[in-house]
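*Asks:* Take a look at the following structure, please.
The values are calculated or read from the model by the stated rules, or taken from the named source; none is laboratory data. Source: prediction; values computed, not measured. Ideal geometry is used to build each Cβ from the backbone, glycine not excepted, and the neighbour counts take in all protein chains shown. Only protein heavy atoms, including side chains, enter the accessible area calculation; ligands, DNA and RNA are left aside. Shrake-Rupley method; radii C 1.70, N 1.55, O 1.52, S 1.80 Å.
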Amino acid sequence: MFDFLTSKLAMMIAAIIILVSVLGIYAFQREQAKDLELNNIADRISGTIDNFNSLSGESKINVTFERGKEGTYVKPTVNGERYEIVITRIKVFVTLEERRAVSNLIAPIHLWAPQSNIYNQWQIEENDGDHKILEFMSGEDFKVERKLLEIDQENEYRTFVYV
């Protein structure tokens, strides 16, 4: 009788260990999926900006978090929660709680809306100094614009990102 009870107890303990292991692996994979989703969002935003950086023409697009709206769609939530987006002149950061994804841009951008077609280098640097980061929550649409500027009497295409 004692042997029967110990064998049943041992089988129950083994079953509990297997169940805990399976649940642990599932939880780990779920956490990895959140990280992957944040990386995909950061890459989608930086990819959109990089596509504009490579254009030799003027263009403008709305990056939207609403399906069916005109522009490039980006998923507004990860696991049901809104995330923070921080764009610098050379990187895109996407943050959800303690998780963060980073994607590099191929070329520096400007984080302000161009008000003119004619600037001097000092004005460009001053505007860049005043607008070092663009920070907002998912769900708030933003614009990416490629514009031909005359800077110190030379024509250059520049990329702008702004809310």
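*Asks:* Report, ordered by the first and then the second residue, all pairs with beta carbons closer than 6 Å, sequence separation of six or more or different chains, a first member in segment 101-128 that is farther than 22 Å from Leu55 by Cα, and a second member that is open to solvent by less than 30 Å² (accessible area, probe 1.4 Å).
*Replies:* Once the first residue is farther than 22 Å from Leu55 by Cα and sits in segment 101-128, its partners that are open to solvent by less than 30 Å² (accessible area, probe 1.4 Å) give Ala101/Leu38; Ala101/Ala42; Ala101/Val94; Asn127/Trp112.
*Asks:* Follow-up question, since we're still on this one. Please pick out the residue among Ile41, Ile18 that is out of contact with any helix residue (DSSP H, G or I) (no Cβ under 7 Å at 6 or more places or on another chain) and either open to solvent by 60 Å² or more (accessible area, probe 1.4 Å) or assigned to a loop (DSSP other than H, G, I, E, B) (or both).
*Replies:* Ile18
*Asks:* Kindly check whether there is at least one residue in segment 50-59 that is open to solvent by 40 Å² or more (accessible area, probe 1.4 Å), closer than 19 Å to Glu140 by Cβ, at pLDDT 95 or above and of a type outside the set (D, E, K, R).
*Replies:* Of segment 50-59, the ones open to solvent by 40 Å² or more (accessible area, probe 1.4 Å) are 51, 54-56, 58-59.
Filter once more, so that each one left must be closer than 19 Å to Glu140 by Cβ: none.
Scanning segment 50-59, I find no residue that is open to solvent by 40 Å² or more (accessible area, probe 1.4 Å), closer than 19 Å to Glu140 by Cβ, at pLDDT 95 or above and of a type outside the set (D, E, K, R), so the answer is no.
*Asks:* Exactly one condition in (1) within 17 Å of Leu38 (Cα to Cα); (2) assigned to a loop (DSSP other than H, G, I, E, B); (3) among the β-branched types (Val, Ile, Thr) is false for Ile106; which is it?
*Replies:* (1) is the only condition that Ile106 fails.
*Asks:* Right, something else. So Ile87 fits all but one of (1) of a type in the set (A, V, I, L, M, F, W, C); (2) under 23 Å from Ser59 (Cα atoms); (3) part of a strand (DSSP E or B); (4) open to solvent by 30 Å² or more (accessible area, probe 1.4 Å); what number is the exception?
*Replies:* For Ile87, the exception is condition (4).
*Asks:* Okay, next question. Hey, among Val92, Val86, Val78, which residue is touching an Asp or Glu at 6+ places or on another chain (Cβ under 8 Å) and under 24 Å from Lys132 (Cβ atoms)?
*Replies:* Working: Val92 fails: touching an Asp or Glu at 6+ places or on another chain (Cβ under 8 Å); Val78 fails: under 24 Å from Lys132 (Cβ atoms).
Answer to the selection: Val86.
*Asks:* Between Glu97, Glu70, which is open to solvent by 70 Å² or more (accessible area, probe 1.4 Å) and closer than 16 Å to Lys143 by Cβ? If you could, list the steps in order and put the result at the bottom.
*Replies:* On the way: Glu97 fails: closer than 16 Å to Lys143 by Cβ.
The conditions single out Glu70.
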